[in-house]
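Reviewing the structure listed below.
The values are calculated or read from the model by the stated rules, or taken from the named source; none is laboratory data. All values derive from a computational prediction rather than experimental measurement. Cβ placement follows ideal geometry from the backbone for every residue including glycine, while neighbour counts extend to all protein chains displayed. Accessible surface is based on the protein model in full, side chains and every heavy atom, while ligands, DNA and RNA are left aside. Shrake-Rupley method; radii C 1.70, N 1.55, O 1.52, S 1.80 Å.
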Amino acid sequence: AGHWLRTRPVAHRGLHYGVGAENSLTAYRHAVEKEYPIEIDVHLTRDGQIAVFHDDTLDRVCGTPGRVSDFTAAELSKFKLSGTADTIPMLPEVLETVAGKVPLLIEVKDHKDVGKLEEELAAQLRSYAGEFAIQSFNPLILKEMSRHAPEFLYGQLACWDYGKTTSRLNAWILRTLKSRFLFRPDFVSYYIGALPNRYVTSKKYTLLCWTVTDENAEKKAKALGANIIFENFIPAAPAKP
């Protein structure tokens, strides 16, 4: 009952509210200082390294075209985040910065050719001393990760509207959490705007709500017995580990 996934609000892409860019080392240091667990996102670079960055492309955050996967780690390290001095970090830098002081919630972004990223991520995390959990929208990524590291904690990310990102059938499978028949997760991270719904709240999941951006949404999540992944406001102080 006291596990951090249930009790400690998680800072979405680091605690960047008022201090810097999302998914930056500055945002991670701030989260560590305030003792909030950190949610991060990972991609595989062209040369097989793991970059910590949310979007598939660099346009929104770095103001330049191109997909993250088309660049090497060295090339990505030159791009500034949202006009700040911070650059795109690689996973080893993030692990060294956080150093087990707070837990990490690591989202594996959806991608083709599932296998290389999952193997490399498992290898890097196996030697990391801090607490962490893995989540993804793609249950096949979670299944592949668990093949390499069955001892890790895994969570299914889900929402209600998948737009044109997948077929109508796949969208239904994901939103209703029927995907648990492909891979049974340890926890569920669900879009707060689509809750409550019977596919989620009728089950006894360890539940996180994303992305909670104000106190009203925080209260809604608490009423559902859920923890939160938050951004753009500061929630109640996290429970002490």
statement: Here, strands (runs of 3 or more DSSP E) confined to the stretch 9-70 with at least 2 residues that are of a type in the set (D, E), in contact with a Lys or Arg (Cβ under 7 Å, 6 or more places away or on another chain) and touching a residue at least 40 places away in the same chain (Cβ under 8 Å) are 38-44
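Out of K34, K80, I need the residue that is in contact with a Cys (Cβ under 9 Å, 6 or more places away or on another chain) and either under 23 Å from G155 (Cβ atoms) or open to solvent by 10 Å² or more (accessible area, probe 1.4 Å) (or both). Which one? Explain how you work it out, then say what you get.
Working: K34 fails: in contact with a Cys (Cβ under 9 Å, 6 or more places away or on another chain).
It is K80.
Return a yes/no flag: does the stretch 193-214 have any residue that is part of a helix (DSSP H, G or I), in contact with a helix residue (DSSP H, G or I) (Cβ under 6 Å, 6 or more places away or on another chain) and surrounded by 15 or more Cβ atoms within 10 Å (Cβ to Cβ). Outline the logic, then answer.
Going through the stretch 193-214, the residues part of a helix (DSSP H, G or I) turn out to be 193-194, 198-201.
Those left that are additionally in contact with a helix residue (DSSP H, G or I) (Cβ under 6 Å, 6 or more places away or on another chain): none.
Scanning the stretch 193-214, I find no residue that is part of a helix (DSSP H, G or I), in contact with a helix residue (DSSP H, G or I) (Cβ under 6 Å, 6 or more places away or on another chain) and surrounded by 15 or more Cβ atoms within 10 Å (Cβ to Cβ), so the answer is no.
For the stretch 1-31, which positions are among the β-branched types (V, I, T) and open to solvent by less than 10 Å² (accessible area, probe 1.4 Å)? Quick ask: steps written out before the conclusion?
Step one: of the stretch 1-31, the residues among the β-branched types (V, I, T) are 7, 10, 19, 26.
Once the filter is applied, which keeps residues that are among the β-branched types (V, I, T) and open to solvent by less than 10 Å² (accessible area, probe 1.4 Å), the stretch 1-31 yields only V10.
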message: For the stretch 75-121, give me the residue count where each residue is outside any loop (DSSP other than H, G, I, E, B), within 23 Å of T211 (Cα to Cα) and basic (K, R).
response: 0
query: Residues in the stretch 201-224 that are modelled with pLDDT of 95 or more and either within 19 Å of L177 (Cα to Cα) or aromatic (F, W, Y) (or both): how many?
result: 8
task: Go through the stretch 95-119 and count every residue that is open to solvent by less than 10 Å² (accessible area, probe 1.4 Å) and either among the β-branched types (V, I, T) or in contact with a Pro (Cβ under 9 Å, 6 or more places away or on another chain) (or both).
output: 7
